[in-house]
Amino acid sequence: MFKNVFGIHERSLLLSGERVGVLASNIANADTPHYKARDIDFQSVLAGEQSTPGALPMARTDTAHLAAGPGGELPTLAELKYRIPFQPSLDGNTVEAPVEQAKFAENQVRYQASLMMINRRISSIENALSGQ
Amino acid sequence: MSLFKVFDVSGSAMTAQSVRLNVTASNLANADSVASTPDAAYRARHPVFAAQLQELTANPDLDAAGVGVQMKGVVQSAAEPVKRFHPEHPLADAQGFVYGSNVNPVEELTNMISASRSFQSSVEVMTSARDLLLQTSSMGR
């Protein structure tokens, strides 16, 4: 019954948490020559999640087992996309501070929204259990 | 949990920017220093930043987040020191010349503004990450 109790929000929270780190790296390297801004493609990861609704994670009882596909792992460094800059700088850096700050703010709202949904779910389950 | 790594990443950026601010302060302080020979004249110093990518490119399966800033070192400007004719100066050479620093004050001031803005951004990022973590730790209450 409690297998998939938080639905998409659980995965969304993990993904937004991961994205905070990626965007923080971009902002930290705003002055680093040749640094290329990167980002997680939220839409495509979300689409991958929704194509397998309620997919159960595959049990890995041996270290030699392969990881499950969609709905399994978070994106790794190799799967990150590069941001296309409006105006790249001469030193090869593609970080645009206002763009990154906007994305960071947006991602923060996403994170808080997922957190709120999970909190509401917890309190509704608590309500149901207390039987009032 | 990658949210904790944000503190490392932003912390490395703040360290790098404060080194940059330090170097700028040193350059501005010595903008009017003079010397008897061109070799002894003060030369503007500039920090070199690089992304901490070495261990990540070696292992692309690592977590996506967490590329900090690395200080590669400090380089000295190759511009010629300014030669001035001041025969009455105690440091003047036999021909009456003193050699001033090659610091460009306008460049240093823009560096200072840029460093302080980048530092502020990193502080904001760290504050936001802290807020998110605190909210997460009180989940379900």
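Scanning the range B:110-129 for residues that are in contact (Cβ under 8 Å) with a residue 60 or more places away in the chain and either more than 9 Å from chain A (Cβ to nearest Cβ) or in contact with a strand residue (DSSP E or B) (Cβ under 6 Å, 6 or more places away or on another chain) (or both) yields B:Asn111, B:Met112, B:Ser116, B:Phe119, B:Val123.
Residue count for the range A:79-95 under the criterion of being under 28 Å from B:Gln135 (Cβ atoms) and either assigned to a loop (DSSP other than H, G, I, E, B) or among the hydroxyl-bearing types (Ser, Thr, Tyr) (or both): the result is 3. The set of residues in the range A:97-132 that are in a loop (DSSP other than H, G, I, E, B) and within 12 Å of chain B (Cβ to nearest Cβ) is empty. Here B:Leu21 qualifies as open to solvent by 40 Å² or more (accessible area, probe 1.4 Å) and within 12 Å of the chain's Cα centre (by Cα).
Residues checked against (1) assigned to a strand (DSSP E or B); (2) surrounded by 15 or more Cβ atoms within 10 Å (Cβ to Cβ); (3) at pLDDT 90 or above:
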position	(1), (2), (3)
B:Met71	yes, no, no
B:Val74	yes, no, yes
B:Lys83	yes, no, yes
B:Pro90	no, no, yes
B:Val98	yes, yes, yes
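The values are calculated or read from the model by the stated rules, or taken from the named source; none is laboratory data. Keep in mind it's a predicted model, so treat the numbers as computed, not measured. Please note: Cβ atoms are built from the backbone with ideal geometry, for glycine as well, and neighbour counts cover all protein chains shown. Ligands, DNA and RNA are stripped out before the accessible areas are found, and what is left, the full protein with its side chains, is counted by its heavy atoms. Shrake-Rupley method; radii C 1.70, N 1.55, O 1.52, S 1.80 Å.
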